[in-house]
Amino acid sequence: MRCPYCSNEDTQVKDSRPTEDGTSIRRRRVCTACGGRFTTFERVQLRELVVVKRSGRRVPFDRDKLTRSVQIALRKRPVEPERIERMITGIVRQLESLGENDIEAGQIGALVMEGLKTLDPVAYVRFASVYRDFREVKDFESVLGELNSEND
């Protein structure tokens, strides 16, 4: 692992332990050159996923990008970080278990929408407004109508 401070490639693991949810391993590392300390996380990856964008462009799947987009939708919402992480891990597992390396961007968006709907309705509407490219107020009304009809 390369040191983030001096780019030295020789670092030592000082401590390893599973994260609270058990989905990754937290490693405390120290650089042998500069003495800098940093933490890395190691996750199991079942397959190399490639996202096929609407334009046809293909990019490697990035869990961090998925996390950032979910966190933007959930900004200032009272949702525990553990629940968010469980949702994201669940989405990644679903994608990996599809059996395909190529994943349509729309499939990822649909899974995020499904997860946010149960996690937080406000975040669901926020994400939907970007994902579905809302242009008018009636677009919001339509999604709110869907939510209300499901809750009745």
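Annotations
- Looking only at the stretch 28-79, residues that are farther than 20 Å from C6 by Cα and either part of a loop (DSSP other than H, G, I, E, B) or of a type in the set (A, V, I, L, M, F, W, C) (or both) come to 27 in all.
- Residue ID - modelled with the lowest pLDDT, chosen from residues in the stretch 33-69 that are β-branched (V, I, T) and closer than 18 Å to T19 by Cβ: V44
- Of all residues assigned to the stretch 27-39, none qualifies as being under 30 Å from F127 (Cβ atoms), out of contact with any Asp or Glu (no Cβ under 7 Å at 6 or more places or on another chain) and surrounded by 11 or more Cβ atoms within 10 Å (Cβ to Cβ).
- Options E82, E136, E146; residue that is at pLDDT below 90, loosely packed, with under 15 Cβ neighbours inside 10 Å, acidic (D, E) and closer than 20 Å to S24 by Cβ: E82
The values are calculated or read from the model by the stated rules, or taken from the named source; none is laboratory data. In this text, all values refer to a predicted model and were calculated from it rather than measured experimentally. Cβ: placed from backbone, ideal geometry, glycine included. Neighbour counts: every protein chain shown.
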